[in-house]
Each structure stands twice: as structure tokens, then as C-alpha cells.
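Here is the structure we will look at, set down as C-alpha cells.
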Amino acid sequence: MWHRVRGARQPVHRNLIDFCRDLNMDQRRQFGNVGEELAANFLQSQGMTILASQYKKSFGEIDLICQDKDEVVFVEVKARATRTFGHPEDSVTPEKVGHILRVAQKYLEEQRIEGPWRIDVLAVEYHQVPPHITHLKNIDIPERFW
């Protein structure tokens, strides 16, 4: 598995995994950025086009926005160095899905998109080499958000 570091291609290896275990807030953002880049590379390898990354509104952020054939895909990326607190995808709560949905609706409105869309979750686990990626497509949106 490869990731981009300052414009150079470098292999993800044990030193990165060890480095990511004890991080402060800025380092966690960097850790998340590496996870998002791995996720973007994975999605592109699956034929998707990246439309936006770290799309922010005052009420939330979407990590990646992609085009998958005729469908817009809003992607939440969760990265973990260990399974101490469970699988990364387990941290996507109904409240988090609600925030993603609000930001997604704003993006669709701003871009005047009326076609199909979905929310996916990409879980990146660094406790193994190469990192393991789990792609959950079209996650359920709790009824209370409709």
C-alpha cells in the first residue's frame, strides 16, 4: 500500500504505524489525513472520481465526496491504529450520520444535484501491514433524520 508524503511515494510501513499510536490533536489530524488519502486512493482504484475532500460547513464535515457512475457518494473515513476501542466503523454513530446527512444535503443543494446519492463508510486499520480497508456502501440512515 502506498501513500503520498510531501509529493513523494513512500510505502506505509511499521514506523508509521508505531508513530500513530500516541498522538496530540494536530498529529491526529495528520493521522486522519493519511487515512483519508489511503481511502481516496482505494476509491479511485475502484473506479470512483474524487469530487471534494474535507468539505466543511459550520455544522459538519464530509471527508470525501466521490462520483460512482451516476451516483454521488459521501464518504466518512475512520482510521484506527489499534482495535482497543473496537472497529473503526463502529464509531460512526447515528448522530454522526445525521451530521453527514445535513452536510450532504447542503452540498447537493449548492451543486444543484438531483440524482442518486448515498453515504459510505471506509474503515482504515493500521494495526496490520499493509493497512486493512473495509468499505461499507450505502449505510442506513436512521428514520429520525428524514
Report task. Sort out which residues of the range 61-88 are part of a loop (DSSP other than H, G, I, E, B) and surrounded by fewer than 17 Cβ atoms within 10 Å (Cβ to Cβ), and write them in order of number. Result -> Lys69, Asp70, Thr82, Arg83, Thr84, Phe85, Gly86, His87
Report task. Specify which of the listed residues (Gly115, Gly86) is under 24 Å from Asp68 (Cα atoms) and of a type in the set (Gly, Ala, Ser). Result -> Gly115
Query raised in the report: Can you name every residue in the range 89-104 that is surrounded by 14 or more Cβ atoms within 10 Å (Cβ to Cβ) and not charged (D, E, K, R)?
Result: Ser91, Val92, Val97, Gly98, His99, Ile100, Leu101, Val103, Ala104
Report task. Would you please list the contacts, defined by Cβ atoms under 6 Å and residues six or more apart or on different chains, that run from a residue in the range 82-94 that is under 16 Å from Ile133 (Cβ atoms) to a residue that is assigned to a loop (DSSP other than H, G, I, E, B) and among the basic types (Lys, Arg)? Result -> none
Query - Residues of the range 46-60 satisfying the condition of being part of a strand (DSSP E or B) and on the phi < 0 side of the Ramachandran plot - result: Thr49, Ile50, Leu51, Ala52, Ser53, Tyr55, Lys56, Lys57
Requested in this report: Can you confirm whether the range 35-45 contains a residue that is part of a loop (DSSP other than H, G, I, E, B) and either within 21 Å of Asp140 (Cα to Cα) or at pLDDT below 95 (or both)?
Outcome: no
Query raised in the report: Within the range 89-130, restricting attention to residues that are in contact with a strand residue (DSSP E or B) (Cβ under 8 Å, 6 or more places away or on another chain), in a helix (DSSP H, G or I) and not hydrophobic (A, V, I, L, M, F, W, C), which residue is modelled with the lowest pLDDT?
Result: Ser91
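Residue-wise test of (1) under 18 Å from Pro88 (Cβ atoms); (2) of a type outside the set (S, T, N, Q).
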{"site": "Leu38", "(1), (2)": "yes, yes"}
{"site": "Gln44", "(1), (2)": "no, no"}
{"site": "Ile65", "(1), (2)": "no, yes"}
{"site": "Lys69", "(1), (2)": "no, yes"}
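The values are calculated or read from the model by the stated rules, or taken from the named source; none is laboratory data. The shown structure was predicted, so the numbers you read here are calculated from the model rather than taken from an experiment. Methodologically, a virtual Cβ is constructed for each residue, glycine included, from the backbone with ideal geometry; neighbour enumeration extends over all protein chains shown.
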